[in-house]
1. Among the numbered criteria (1) more than 11 Å from the chain's Cα centre (by Cα); (2) under 13 Å from residue 149 (Cβ atoms); (3) assigned to a loop (DSSP other than H, G, I, E, B), which one does residue 37 miss?
2. Being touching a strand residue (DSSP E or B) at 6+ places or on another chain (Cβ under 7 Å) and either modelled with pLDDT under 95 or under 27 Å from residue 130 (Cα atoms) (or both): is that true of residue 102 here?
3. Consider residue 22 against the criteria (1) more than 11 Å from the chain's Cα centre (by Cα); (2) touching a residue at least 12 places away in the same chain (Cβ under 8 Å); (3) assigned to a strand (DSSP E or B): it satisfies all of them except one. Which criterion is unmet?
4. Tell me, please, whether a residue that is touching a strand residue (DSSP E or B) at 6+ places or on another chain (Cβ under 7 Å) and free of Cβ contacts under 8 Å to residues at least 24 places away in the same chain can be found in the stretch 43-59.
5. Within the stretch 28-50, how many residues turn out to be in contact with a helix residue (DSSP H, G or I) (Cβ under 7 Å, 6 or more places away or on another chain) and buried (at least 17 other Cβ atoms within 10 Å of the Cβ)?
6. Identify, from the list 107, 63, the residue that is within 15 Å of residue 33 (Cβ to Cβ) and outside any loop (DSSP other than H, G, I, E, B).
7. Determine if the stretch 124-139 includes at least one residue that is in contact with a helix residue (DSSP H, G or I) (Cβ under 7 Å, 6 or more places away or on another chain) and under 21 Å from residue 42 (Cα atoms).
8. Given the conditions (1) more than 16 Å from the chain's Cα centre (by Cα); (2) farther than 26 Å from residue 147 by Cβ; (3) touching a residue at least 24 places away in the same chain (Cβ under 8 Å); (4) surrounded by fewer than 19 Cβ atoms within 10 Å (Cβ to Cβ), and given that residue 67 satisfies all but one, which numbered condition is not satisfied?
């Protein structure tokens, strides 16, 4: 198994245990993360996001992952998160494809891709069903996610 493949396993194993510190140790100091909910995050924002999400889940998150592959420069994995969305108390099952780039033996770029409309239907109910496919609504989701991260970082 390639060391970068082991690194991805280490990251998701820590995620399963709710261990944001070990997740952080898998990342390069100049980490860039991107997903449909938060958009582009850099450096400490990325670590704060995982810490915030795990803290808000209060141990009620189930992470499974499969299809991990990696070489010297690039890696991929599929993962599924089962959790209750804290703002609406609605159950979510989110299927995600992750892509990674590596630098200095650490994850340098991490991109999570998922269907934001499907996510919004589960997390937000009828509003997500009706509006979750629109760019306007997706931008609002991102703005709200970034605002919650900003408030979390100010604590």
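The values are calculated or read from the model by the stated rules, or taken from the named source; none is laboratory data. In this text, all values refer to a predicted model and were calculated from it rather than measured experimentally. All Cβ positions, glycine included, derive from the backbone under ideal geometry; neighbour counts span all protein chains shown.
1. (1)
2. So residue 102 fails the test.
3. (3)
4. Yes, the stretch 43-59 contains at least one residue that is touching a strand residue (DSSP E or B) at 6+ places or on another chain (Cβ under 7 Å) and free of Cβ contacts under 8 Å to residues at least 24 places away in the same chain.
5. Number of matching residues: 11.
6. Details: 63 fails: within 15 Å of residue 33 (Cβ to Cβ).
After applying the criteria, what remains is 107.
7. Looking through the stretch 124-139, at least one residue is in contact with a helix residue (DSSP H, G or I) (Cβ under 7 Å, 6 or more places away or on another chain) and under 21 Å from residue 42 (Cα atoms).
8. Here residue 67 clears every test but (3).
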